[in-house]
Amino acid sequence: MNDAQQTAAHWNAPPPLPLRTRWWQSRAIVRHINRRIAGEESDGTAGGDLALLRAQNGGAAFGRAISVGCGTAYHELELLRAGVVEHFDLYEIAPSRVAAIHARAAALGLSMRVSVSSTDAFANVTPGQYDLVYWRDALHHMNPTLDAVAWSRRVLGAGGLFYMHECVAPSYMQWSDHQLDLAERVRKILPARYLDDPHQPGRLLPARRSRPTIAGMREADPSECIDSANILPSVRAVFPNAAIVPAGGIVYMLALNDMLANLDEERDDGLLAALLAIDDMYTDAGDYVYAVAHARKLDPAAAYA
């Protein structure tokens, strides 16, 4: 099995997550992120993207958009529902996710506004035909990142928008000592009950996170964060005019991973707000895991055109 087949197999049947162990399962964290990237709190993991894309296009719809590695296309279908995009060309290699796209698009009455393919978008897409290239939690699976970002520029028409909302962690999540120190400080200030392991009740999670092994990550999904450290440098190289919006994550992703299950959204709302304030401070100091970036294709004659 080659890397592409192994990646497709991994995402074709991802393991179920326990209740509320990841940041996207928390309404409070999602609203915090949406405020950070778009200036206003909103529900749903697509909320910030919707607001920012509307603002970037003056409220008008993007006529034709493309998304590669779209998974079940939840975010893309939300953009269609909201009228932010008129038509999406979607690329996804996991068969179960392709089936999910078709099923949800049909249920929402959007089937005529999506095209779904499992072919190689990098080889088959005609340059200059898109108004929007949308990367949502997929660019960090591309290798090399620079090629994917340069391709994004090529397939945009003049004035088209590149948009990404991505994990920009160190490649293969090989966290720096500094990042692990920041997460450890957060865990150490919490009472022990918040460190209860949701996978093994009665066992406490360690205060200090460890780096995953590269071999273990490759065994699960060879594409996971394969070149994520180079996402922002690649965006800056290809789109010198890009706006970068740090979206945080040292606290809500690295520190609260798994232990989030022990935080009650209502009972612990004050604690969660304080933790997210710490995340903001880390982010403002330049330490973050997620970022949004957007840029117009202003000069079709440039080197990466």
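Would you be able to tell me the number of residues in the range 111-134 that are among the acidic types (Asp, Glu) and either at pLDDT below 95 or under 16 Å from ALA150 (Cβ atoms) (or both)?
The qualifying residues number 1.
Listed here are the residues, each with its yes/no results for (1) open to solvent by less than 20 Å² (accessible area, probe 1.4 Å); (2) within 12 Å of LEU146 (Cα to Cα); (3) free of Cβ contacts under 8 Å to residues at least 60 places away in the same chain.
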| position | (1), (2), (3) |
| --- | --- |
| PRO206 | no, no, yes |
| THR213 | no, no, yes |
| ALA220 | no, no, no |
| ALA237 | no, yes, no |
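Could you check the range 63-137 for helices (runs of 4 or more DSSP H) lying wholly inside it with 3 or more residues that are on the phi < 0 side of the Ramachandran plot and surrounded by fewer than 18 Cβ atoms within 10 Å (Cβ to Cβ)?
The qualifying helices (runs of 4 or more DSSP H) are 95-107, 121-124.
Within the range 155-170, which residues are buried (at least 19 other Cβ atoms within 10 Å of the Cβ) and either touching a strand residue (DSSP E or B) at 6+ places or on another chain (Cβ under 7 Å) or outside any loop (DSSP other than H, G, I, E, B) (or both)?
Answer for the range 155-170, where residues must be buried (at least 19 other Cβ atoms within 10 Å of the Cβ) and either touching a strand residue (DSSP E or B) at 6+ places or on another chain (Cβ under 7 Å) or outside any loop (DSSP other than H, G, I, E, B) (or both): VAL155, LEU156, GLY160, LEU161, PHE162, TYR163, MET164, HIS165, GLU166, CYS167, VAL168.
Sort out which residues of the range 236-263 are assigned to a loop (DSSP other than H, G, I, E, B) and farther than 20 Å from PRO198 by Cα, and write them in order of number.
PHE239, PRO240, ASN241, ALA242, GLY249
For the range 239-275, give me the residue count where each residue is open to solvent by 10 Å² or more (accessible area, probe 1.4 Å), modelled with pLDDT of 95 or more and either within 16 Å of GLU184 (Cα to Cα) or small (Gly, Ala, Ser) (or both).
6
The values are calculated or read from the model by the stated rules, or taken from the named source; none is laboratory data. Being a predicted model, the structure only gives us computed values, none of them experimental. A quick note on method: Cβ atoms are made from the backbone with ideal geometry, for glycine too, and the neighbour counts reach across all protein chains shown. Protein only, heavy atoms only, side chains kept; ligands, DNA and RNA dropped before computing areas. Shrake-Rupley method; radii C 1.70, N 1.55, O 1.52, S 1.80 Å.
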